[in-house]
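Notes follow the structure.
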Amino acid sequence: MTVTIAGVGAALPSAVLGNDHFAPLDTSHEWIVKRTGIHTRHWLGPGETLADLAEQASREALADAGRSAHEIDHVVVSTVTPDRVTPGIAPELATRLGAPGPPALDLNAACAGFLYALDYGCALIETGRAHCVLVCAAEALSRITDRTDRSTAVLFGDAAGAVVLSSTGADGSERPRFLLGSDGRHTDLLYADLEDRVLRMSGREVYEFAVDTMAGQTRKVLAECGLTTADIDCFIGHQANVRILRAVAAALDIPQARSQISIDKVGNTSSASIPFALWQARGAGRLRPGDRIVMAAFGAGFVWGAGVIRWKATPNTAVQTQEETCPT
Ligand code: UT7
């Protein structure tokens, strides 16, 4: 049994903040664009909830996949900023969508959370325990941003992205593959603690780890699948900094035309950044059925992930590409 991404959706809060908003913090539009690539970001306004964004993104993903909420048999939400301490967003999301009481959980793997959630969803389908899994990443980083600290305030945004994972029903064809990892020795380089509840980051150090790890893990997962950079139709890295994305693409020899950049409009939206960028790639007409998408992410923990999965693959797509299959 193999798995594909059958549909994608995304949602943003209505309030858009330009770089000029941060001028009182002794920063400038020029500095922010040059060092990060960010032009605007969206922050949740009064009365908006993360569940609202998650619902909107998930409804669009279901419509794109041509599936109804009744077909969902598992819901996973990646977030570090849920609406409440407990319960998580996933049960509410399932109910809002009208899904018939599926297992529903939130997970927190920081900026790599979407890839952890994808791996989990794919495993459920590959083992026959689910046929249709909704994976949503929803983040309101504005809730844990120190709005007085110019070194972090300018970076973060709020967004949700969702995908529907479904079985292609084709055994023996190319399976998704994910490499995940962690190293808890670097917790103090990026964290939000219980006392002040805002993100603190040693940006330069995190930058170096992010480039090396995302490039290294992507190289490794491609090698494990017997693939090369030439086999990538679309590369989507965690959108933390446009310079990180360019450095990773350069290290892997991925042409810019095949690397999706969306940080310019939304900033760093943690685990929502990859599904949001996927949604943008789809909207820009950059994805064709059967395309091979490669993703990489890195975040607080440290945690990281890299993975390969097909976009809207069908049994026919799988048969055509059977000679290049990943080892199982
Ligand atoms: O999503 C999870 C993973 N996160 C990441 O991967 C983020 C990784 N880090 C980064 O993207 C970058 O390190 C930042 C964007 C956070 C910072 O860029 P940088 O080029 O690494 O700058 P820096 O931290 O080395 O700081 C350079 C200078 C410093 O001034 P001095 O000491 O050289 O005088 C900072 O105080 O830039 C200063 N600075 C600013 N200046 C104007 C820091 N933030 C700002 C600012 N405006 N907003």
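Please treat every number below as a calculation from the coordinates, not as lab data. Worth saying up front: this structure is predicted, and the values here are computed from it rather than measured. All Cβ positions, even for glycine, are placed from backbone atoms using ideal geometry, and neighbour counts span all protein chains on display.
One decimal place: the segment Ala223-Met1 gains 77.7 nm when fully extended, by the rule 0.36 nm per residue minus the C-alpha distance. For region 197-210, the Karplus equation 6.51 cos²θ - 1.76 cosθ + 1.60, evaluated at θ = phi - 60°, returns couplings of 6, 10, 6, 10, 9, 8, x, 4, 5, 4, 3, 4, 4, 4 Hz by residue, with Gly and Pro reported as x.
Dipole check for the chain: with +1 at the C-beta of Lys and Arg, -1 at the C-beta of Asp and Glu, and the Cα centre as origin, the magnitude is about 500 Debye.
From the alpha carbon centroid of region 78-146 to that of region 159-193 is 12 Å. Any chance you could give the angle, 0 to 90 degrees and rounded to 10, that helix 50-65 forms with the longest Cα principal axis of the chain? For 50-65 against the chain, the angle is about 30 degrees.
Centre-to-centre separation between the Cα atoms of region 1-54 and those of region 279-306: 17 Å.
All other residues whose Cβ lies under 14 angstrom from that of Arg286 are scored, Lys and Arg at +1 and Asp and Glu at -1, for a net of +3.
Kirkwood Rh, the chain, all Cα pairs: how many Å?
On the way: mean 1/r = 0.0513 Å⁻¹.
It works out to 19.5 Å.
Using the Cβ-Cβ distance between Glu48 and Ala230 with R0 = 51 Å, the FRET efficiency computed as 1/(1 + (r/R0)^6) comes to roughly 0.75. Take the alpha carbon gyration tensor of region 92-140, find the square roots of its eigenvalues, order them as a ≥ b ≥ c, and report rounded if a/c is under 1.5; if not, report prolate when a/b exceeds b/c, else oblate. Oblate, because a/c is 1.5 or more while a/b does not exceed b/c. Select from Ile263, Ile244, Ile274 the residue whose mean-square fluctuation is largest in a Gaussian network model of the chain (Cα-Cα springs shorter than 10 Å). Highest fluctuation among the options: Ile244. When you filter the trypsin sites (Lys or Arg not before Pro) in region 81-174 for DSSP loop state and at most 11 other Cβ atoms inside 10 Å of their Cβ, you are left with Arg84. Among Arg288, Arg177, the ranking by other beta carbons within 10 Å of each residue's beta carbon, starting with the fewest, stands as Arg288, Arg177.
Just so you know, the averaged projected area of the alpha carbon convex hull for region 3-167 sits at 9.8 nm². The DSSP beta bridges internal to the chain are antiparallel in roughly 70% of cases. Bridgeable lysines around Lys34 (alpha carbons under 29 Å apart, same-chain partners fewer than 8 residues away excluded): Lys265.
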